[in-house]
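The values are calculated or read from the model by the stated rules, or taken from the named source; none is laboratory data. From a predicted model like this one, the values you see are computed outputs, not experimental measurements. Cβ placement follows ideal geometry from the backbone for every residue including glycine, while neighbour counts extend to all protein chains displayed.
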Amino acid sequence: MISVLEAVRRRIASSPYDVEYLVVAGGGGGDTSTNGGGGGAGGFRTATGYTVTPSTGYNITVGAGGAAITNGSDSVFGTITSTGGGASKAAGGSGGGQVYNGGAGATGNTPSTSPSQGNNGGAGSGGSGAVTDGGGGGAGAAGGNGVTGTAGSGGAGTSSSITGSAVTYAGGGGGGGGYLSSVAGSGGAGGGGNGSASTVGNAGAANTGGGGGAGISGGGAGGSGIVILRYLGSQRGTGGTVTSSGGYTIHTFTSSGTYTA
């Protein structure tokens, strides 16, 4: 015969519980600075109240960053999908920047989630001094527009404290410089790669979803995404790298796997 305390423990252990999640997709790749702008950041989704069932496995996919001129890959936790960042001139989690053609950069993917997944890339610019490219959009802000002589910077990412410390993710890649001696744009805070005025654009930082920068000789790759889960109390699930902070148990996935609740 089991004790009352043991019966309560078993009931709690078998009951569904809620987790908080952060799901960041892979960033888009940048382009050559004479053809396009910086890559858009991977989609950024975070929320509380996702209910999981003990002994059930939940698929985790960590999206890869896109190569030059290629969208990033989606990241997934259960039914939650974050869209890969748009390459230069392409739509995605955040849009890629645009070379000067009189038009704006690509549209970010902004469905009815809170917060939205991302923002637009910046527009290119033409003028007597130089033609410049737009920066890729970030989770927190649109990519900067190019102006005469200076390419647009990547849009800023968004901060999350799900790990117990504030970390910024999903910054856009900077537009490229070099065409008629223009200046490259900087990458957005949150892992966006800097543009280049002479070589290949810088890559987005790994496991941030940052967009790749554009460069005169080629675009930098986007950074890979990340999936982080946490819940109150001691460890109940398995999967990823397990840490604790502020009374929460935290599971961090920097590569694909399974969370078993």
ask   = Which one of 73, 114, 88 is modelled with pLDDT of 95 or more and of a type outside the set (Val, Ile, Thr)?
value = 73
Within the stretch 202-259, tally of residues that are in a strand (DSSP E or B), buried (at least 20 other Cβ atoms within 10 Å of the Cβ) and of a type in the set (S, T, N, Q) = 0
note = Scanning the stretch 15-59 for residues that are in a strand (DSSP E or B), farther than 16 Å from residue 118 by Cα and within 15 Å of the chain's Cα centre (by Cα) gives 21
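When you scan the stretch 186-213, how many residues do you find that are in contact with a strand residue (DSSP E or B) (Cβ under 7 Å, 6 or more places away or on another chain) and closer than 26 Å to residue 82 by Cα? Even if it seems obvious, please write down each step before you answer.
Let us first name the residues in the stretch 186-213 that are in contact with a strand residue (DSSP E or B) (Cβ under 7 Å, 6 or more places away or on another chain), namely 189-191, 195-197, 199-201, 207-209.
Still in the list and also closer than 26 Å to residue 82 by Cα: 189-191, 195, 201, 207-209.
Result for the stretch 186-213: 8.
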message = Just the residues that are modelled with pLDDT under 95 and either touching a Gly at 6+ places or on another chain (Cβ under 9 Å) or farther than 15 Å from residue 78 by Cβ (or both), please, taken from the stretch 46-55.
response = none
message = It is to be established whether one or more residues within the stretch 177-184 are under 14 Å from the mean Cα position of the chain (by Cα), hydrophobic (A, V, I, L, M, F, W, C), buried (at least 22 other Cβ atoms within 10 Å of the Cβ) and under 22 Å from residue 94 (Cα atoms).
response = no
task = Could you list all residues from the stretch 150-200 that are in a loop (DSSP other than H, G, I, E, B) and touching a Phe, Trp or Tyr at 6+ places or on another chain (Cβ under 6 Å)?
result = 157, 170, 190
